[in-house]
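The values are calculated or read from the model by the stated rules, or taken from the named source; none is laboratory data. Note that the coordinates shown come from a computational prediction; the quantities given were computed from them, not determined experimentally. Virtual Cβ from ideal backbone geometry, glycine too; neighbours counted across all protein chains shown.
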Amino acid sequence: MSDERDRRENQIRAAFENTPPLDSSCLRDSSEGDEPFLLEAEFQHVPDWRQVDVAFIDQAPDGFGSALSFFSNKAFRYYLPAYLLADLRDELQQANPLLHLWHGLVDGQLDIPVNERRYGSWTWLEAMADQFQNFSPAEVTAIVAYLGYKAKHDELGLDRPMIEQALRNYWLTLRQ
């Protein structure tokens, strides 16, 4: 294990150490489709993010690996460190926490409405800012460090442009 990756992992653990636990009523915000209910059923006992099995979170719910898309904002914040740590160790096959930290925050998406028929003029930037509003300064710093690490070690360069744009357009502005 590299020293740099060790530092990122320790930083994530420390930053999210005191993130408030959830009760089962806070797992999902959506009631549309099957996946939110599958997620709620699988996480009903609210396993501690520090002890959750990587294979479980990678597949949840029901093999779709889409839990990060259906978590409530509180559940996303609570379980994100488990996903970040697993991703740093290249243990995820389906779940992609990196995508969930840059999507909507890149050039060309910021001012695009999420779904005008449903949400009016609510933009991707506003939606993502809403999702991330409860992160503490230490959690934001750990996320920024994770994003920087992922950009630096993106061998194919596929994610690096999106990471850099999300950092510039959103994440680094939170630290000012």
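For this structure, a couple of remarks:
- The condition (being within 26 Å of I57 (Cα to Cα) and touching a Leu at 6+ places or on another chain (Cβ under 8 Å)) is satisfied by just one residue among Y170, Y149: Y149.
- Selection from segment 41-76 of residues that are β-branched (V, I, T) and either under 18 Å from F135 (Cα atoms) or over 14 Å from the mean Cα position of the chain (by Cα) (or both): V46, V52, V54
- Answer from G108, G63, G120, G104 - the residue that is without any contact (Cβ under 8 Å) to a residue 60 or more places away in the chain, in contact with a helix residue (DSSP H, G or I) (Cβ under 6 Å, 6 or more places away or on another chain) and at positive phi: G104
- Boolean, Q109 is of a type outside the set (D, E), part of a helix (DSSP H, G or I), over 16 Å from the mean Cα position of the chain (by Cα) and buried (at least 16 other Cβ atoms within 10 Å of the Cβ): no
- For segment 19-33, filtering for residues that are touching a residue at least 24 places away in the same chain (Cβ under 8 Å) and among the polar types (S, T, N, Q) leaves 2.
- Summed over segment 22-46, residues that are surrounded by 12 or more Cβ atoms within 10 Å (Cβ to Cβ), at pLDDT 85 or above and part of a loop (DSSP other than H, G, I, E, B) total 3.
- Among the residues of segment 112-161, those that are among the basic types (K, R) and loosely packed, with under 12 Cβ neighbours inside 10 Å comprise R117, R118, K152.
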